[in-house]
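Take a look at the structure set out below.
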Amino acid sequence: MDYVKFYTTISKPFKSNKVLLLVFKFVYKILPIIVFICYPVLLGYLAYTHSYKLFRCITVPLGVFLSVTVFRALVNAERPYEKYGTIPIFPKSTKGKSFPSRHTASAAVIAMAMMYVNPVAGAVFLTVSFLIALSRIVGGVHFPKDVAVGFFYAVIVGGFFLFFL
């Protein structure tokens, strides 16, 4: 696949239209903040209600976050803008640590924790985490495989440890 052509094609509408860029900025920058604010709110609610689910909702996302962090440091894969010289929609200077996407994995495992507590909220947050994943590709900071592995790893591992163990 010609990544430069792929990236140029998918990012062009956002780079050339101020309204689309504003919408993209919301998805790329604000949605992750919303997810990461809602997570401590979830934990606070579980602590307040003395829920037995609190322990898993802390340890499972923490485990996914730490394992992704360690794995991506060991692999240290180049980011698209490093490998191909493309310019991300929002400039970024991070080198390496592209695979898997930690933003995507974190958002997806938080969505799984939400689903463990409330299936409807979990489905909404899983959709949001998917949008975050897509934004990392369109933004030019991750390859599709980076976000796919981050997303599916978090959903599978998070789902297993939250629902089946």
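The values are calculated or read from the model by the stated rules, or taken from the named source; none is laboratory data. Keep in mind it's a predicted model, so treat the numbers as computed, not measured. When we count neighbours, we look across all protein chains shown, and the Cβ atoms used for this are built from the backbone with ideal geometry, even at glycine. Note: areas computed on protein heavy atoms with side chains; ligands, DNA, RNA excluded. Shrake-Rupley method; radii C 1.70, N 1.55, O 1.52, S 1.80 Å.
Within the set of pairs 6 or more residues apart or between chains, which connect a residue that is more than 10 Å from Ala133 (Cβ to Cβ) and without any contact (Cβ under 8 Å) to a residue 60 or more places away in the chain inside the range 147-163 to a residue that is outside any helix (DSSP H, G or I) and open to solvent by less than 40 Å² (accessible area, probe 1.4 Å) with Cβ atoms less than 6 Å apart?
Correct list of pairs: Val149/Pro100.
On the given criteria, is Phe26 open to solvent by 30 Å² or more (accessible area, probe 1.4 Å) and touching a Gly at 6+ places or on another chain (Cβ under 9 Å)?
No, not satisfied.
Residues in the range 135-146: is at least one closer than 21 Å to Lys15 by Cα, of a type in the set (Lys, Arg) and open to solvent by 70 Å² or more (accessible area, probe 1.4 Å)?
Looking for residues that are closer than 21 Å to Lys15 by Cα, of a type in the set (Lys, Arg) and open to solvent by 70 Å² or more (accessible area, probe 1.4 Å), one finds none in the range 135-146, hence no.
Tally the residues that are among the aromatic types (Phe, Trp, Tyr) and under 16 Å from Tyr45 (Cα atoms), restricting the search to the range 110-134.
1
Given Ala113, Ala123, which one is touching a helix residue (DSSP H, G or I) at 6+ places or on another chain (Cβ under 9 Å), surrounded by fewer than 19 Cβ atoms within 10 Å (Cβ to Cβ) and at pLDDT 95 or above?
Ala123
Does Ile58 fit the bill of being open to solvent by less than 80 Å² (accessible area, probe 1.4 Å) and touching a Leu at 6+ places or on another chain (Cβ under 9 Å)?
Considered against the rule, which asks whether it is open to solvent by less than 80 Å² (accessible area, probe 1.4 Å) and touching a Leu at 6+ places or on another chain (Cβ under 9 Å), Ile58 comes out as yes.
Show me the helices (runs of 4 or more DSSP H) entirely contained within the range 1-115 in which 2 or more residues are of a type in the set (Lys, Arg).
Here the list reads 3-16, 18-25, 54-75.
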